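Asks: This is the structure, below, for whatever I ask next.
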Amino acid sequence: MTLDELFSAAREAMAKSHSPYSKFPVGAAILTEDGQVFAGANMEVVAFPEGWCAETSALAHYVMGGGGQITDICVTAERLDECTPCGGCRQRLAEFAPADARLHLTDQKGITKTMTMAEILPLGFKTEILSK
Ligand code: THU
């Protein structure tokens with residue numbers, strides 16, 4: 001699985017977005033160290049707060065598919081180059097992705113910027129805290 005293929009998986013997921021209200025399709029794809037890819041798109045609901053983000057859909061597929069060590073995440077949006085995950089999705093991604101997992105942002109042609117989970121959520125609420 002190359003990063004180009006991860007980008008393609010995010011693009012294919014974005015094509016399945018249900019975003020009739022914002023008309024802002026987003027796709028996300030999560031890669032695990034054993035080469036599995038879990039993708040998702042944003043899903044909107046007419047009662048607006050009930051919709052959810054592409055990253056959240058991808059995470060649901062990841063968990064239901066058995067999980068694994070996350071190495072890379074790619075987020076893409078049709079109408080915005082380098083669409084960064086919202087605050088809630090950063091915390092959701094951090095629930096499962098290690099601090100050194102790479103987050104790839106894109107334009108319409110491919111990955112343009114790469115950062116780590118630690119960089120996008122530097123002071124996140126840590127999952128270990130409740131087990132202390
Ligand atoms: N959205 C995502 O899916 N991921 C993000 O990181 C940012 C925003 C979606 C939510 C909503 O369906 C649309 O983009 C407009 O906010």
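Asks: Which FRET efficiency, nearest 0.05, do GLN69 and LEU130 yield, Cβ-Cβ r, R0 25 Å? Could you put the intermediate results ahead of the total?
Replies: Values: r = 22 Å, r/R0 = 0.87.
Given R0 = 25 Å and the Cβ-Cβ separation, E is 0.70.
Asks: Using mean Cβ contacts within 10 Å as the protection proxy, how do 27-39, 120-132, 102-114 order, highest first? All intermediate terms of the calculation are to be shown ahead of the outcome.
Replies: On the way: 27-39: 21.9, 120-132: 10.1, 102-114: 16.2.
Going from most to least packed, we get 27-39, 102-114, 120-132.
Asks: Still on this structure, please answer the following. Ignoring ligands, DNA and RNA, what percent of the accessible area of the chain is carbon or sulfur (1.4 Å)? Intermediate values should be presented prior to the final figure.
Replies: Values: 4150 of 7270 Å².
The computed percentage sits at 57.
Asks: Right, next: Sequence gap at least 6, Cα distance under 8 Å: using those rules, report the relative contact order of the chain to the nearest whole percent.
Replies: Working: 286 pairs, mean separation 27.4, N = 132.
Once divided by the residue count of the chain, the mean separation gives 21 percent.
Asks: Roughly how many Å² is the accessible area per residue of segment 3-131, as a whole number, for a 1.4 Å probe? List each step's numbers first, then the result.
Replies: On the way: 6900 Å² over 129 residues.
Normalised by residue count, the accessible surface of segment 3-131 is 53 Å².
Asks: Where the Cα atoms of the chain are projected onto their three principal axes, how long is each span, largest first, in whole Å?
Replies: 44, 36, 27
Asks: May I pose another question? Please give the net charge around VAL37, taking every other residue with its beta carbon less than 11 angstrom from that of VAL37, where Lys and Arg add +1 and Asp and Glu add -1.
Replies: Values: positive: none; negative: GLU5, GLU12, ASP34, ASP72.
Around VAL37, the surrounding residues sum to -4.
Asks: Considering the chain as a Gaussian network with a 10 Å cut-off on Cα pairs, which listed residue, VAL45, VAL26, VAL75, attains the greatest mean-square fluctuation?
Replies: VAL45
Asks: If you don't mind, another one. How about LYS126: which aspartates and glutamates have a C-alpha closer than 15 Å to its C-alpha, ignoring those fewer than 8 places off in the same chain?
Replies: Output for LYS126: GLU95, ASP100.
Asks: Go ahead and estimate [θ] at 222 nm for the chain from helices alone: -39,500 (n - 2.57) per DSSP H run with n ≥ 4, summed, over the residue count, rounded to 500. All intermediate terms of the calculation are to be shown ahead of the outcome.
Replies: Working: 4 runs with 37 residues, N = 132.
Only helices count here, giving -8000 deg cm²/dmol.
Asks: Take the chain, connect every pair of alpha-carbon atoms lying under 10 Å apart with a spring to form a Gaussian network, then pick out the residue of CYS86, CYS74, CYS53 with the largest mean-square fluctuation.
Replies: Ranking CYS86, CYS74, CYS53 by mean-square fluctuation puts CYS86 first.
Asks: Grab the other residues whose beta carbon is less than 12 angstrom from that of GLU78, score K and R as +1, D and E as -1, and report the net.
Replies: On the way: positive: ARG11, LYS23, ARG79; negative: ASP81, ASP107.
Net charge in that neighbourhood comes out at +1.
Asks: Points 7 angstrom from Cα along the Cβ direction at TYR21 and PHE48: gap in nanometres?
Replies: 0.7 nm
Asks: Could you name the lysines in cross-link range of LYS16, using Cα to Cα under 21 Å and dropping any fewer than eight places away on the same chain?
Replies: Those lysines meeting the cut-off are LYS109.
Asks: What is the dipole size for the chain, taken about its Cα centre, with +1 at each Lys and Arg Cβ and -1 at each Asp and Glu Cβ, in debye to the nearest 20? All intermediate terms of the calculation are to be shown ahead of the outcome.
Replies: Working: 11 positive and 17 negative charges, 59 e Å.
About 280 debye.
Asks: Using a Gaussian network model of the chain whose springs link C-alpha atoms within less than 10 Å, name the residue from PHE48, PHE96, PHE24 with the highest mean-square fluctuation.
Replies: Sorting by GNM fluctuation, first place goes to PHE48.
Asks: Please give the net charge around ARG102, taking every other residue with its beta carbon less than 11 angstrom from that of ARG102, where Lys and Arg add +1 and Asp and Glu add -1. Kindly include the intermediate steps, with their values, before the conclusion.
Replies: Numbers: positive: LYS113; negative: ASP72, ASP100, GLU119.
Charge balance in the 11 Å sphere: -2.
The values are calculated or read from the model by the stated rules, or taken from the named source; none is laboratory data. Just so it is clear, the structure is predicted and the values come from calculations on it, not from any experiment. In this analysis, Cβ positions are derived from the backbone assuming ideal geometry, glycine residues included, and neighbour counts consider all displayed protein chains. Surface areas here come from the heavy atoms of the whole protein model, side chains and all, with no ligands, DNA or RNA. Shrake-Rupley method; radii C 1.70, N 1.55, O 1.52, S 1.80 Å.
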